[in-house]
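See below for the structure under consideration.
The values are calculated or read from the model by the stated rules, or taken from the named source; none is laboratory data. Quick caveat: nothing in here was measured; it's all calculated off a predicted structure. Because the Cβ atoms are built from the backbone with ideal geometry, glycine has one as well, and the counts that use them run over all protein chains shown. Areas reflect the complete protein model, heavy atoms only, side chains present, ligands, DNA and RNA absent. Shrake-Rupley method; radii C 1.70, N 1.55, O 1.52, S 1.80 Å.
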Amino acid sequence: MSEKIFIDEITVKSSRELGDVETLAKSIKKKHGLIHPILVVKRGKFYQLVAGLRRLRAVQSLGWSKIEATIIEADQAEILEAEWDENQNR
């Protein structure tokens, strides 16, 4: 189940080359909206991003204040596994 959360409450653990975020942002804005929610873990009053950095950066570039997110409970090993799966699928 997903819910909308404030983007400024999301922490990003690491940054990497994201590729063409501008095209993704255009697609989100003009064609399909945000098809898949990002994946986060609740950490106190913030959320740690697990998967969806390109989607997050794309909607930030559009000026969104909230984003649809799936909130999971996971330990660090499960988070790393989810990040790895996301990268492999991309």
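Here the simple spin-label model places points 7 Å from the Cα toward Cβ, and for LYS13 and HIS36 these points are separated by 1.8 nm. In this structure PHE6 has an accessible area near 90 Å², from a 1.4 Å probe over the protein heavy atoms. Looking at the square roots a ≥ b ≥ c of the eigenvalues of the Cα gyration tensor of the range 9-53, which shape do they give, rounded for a/c under 1.5, prolate if a/b is larger than b/c, or oblate? Oblate shape, in that a/c is at least 1.5 and b/c is the bigger or equal ratio. Close lysine pairs were tallied over the chain: pairs 8 or more places apart or on different chains with Cα atoms under 24 Å apart number 17.
Candidates LEU18, ILE79, HIS32 compared by Cα position along the dipole of the chain: farthest toward the positive end lies HIS32, with charges placed on Cβ.
Accessible surface of LEU39, taken over heavy atoms with a 1.4 Å probe and every protein chain present, rounds to 40 Å².
Taking the 0 to 90 degree range and rounding to the nearest ten, how far is the long axis of helix 76-89 tilted relative to the main principal axis of the chain, both from C-alpha atoms? Tilt relative to the chain: about 30 degrees.
Counting only DSSP H runs of at least 4 residues, each contributing -39500 (n - 2.57), and dividing by the residue count of the chain, the helix-based mean residue ellipticity at 222 nm comes to -10000 deg cm²/dmol. As a ratio to 2.2 N^0.38 Å, the alpha-carbon radius of gyration for the chain is 1.04. The residues packed around LYS26, meaning those with a beta-carbon under 14 Å from its beta-carbon, carry a net charge of +4 if Lys and Arg are +1 and Asp and Glu are -1.
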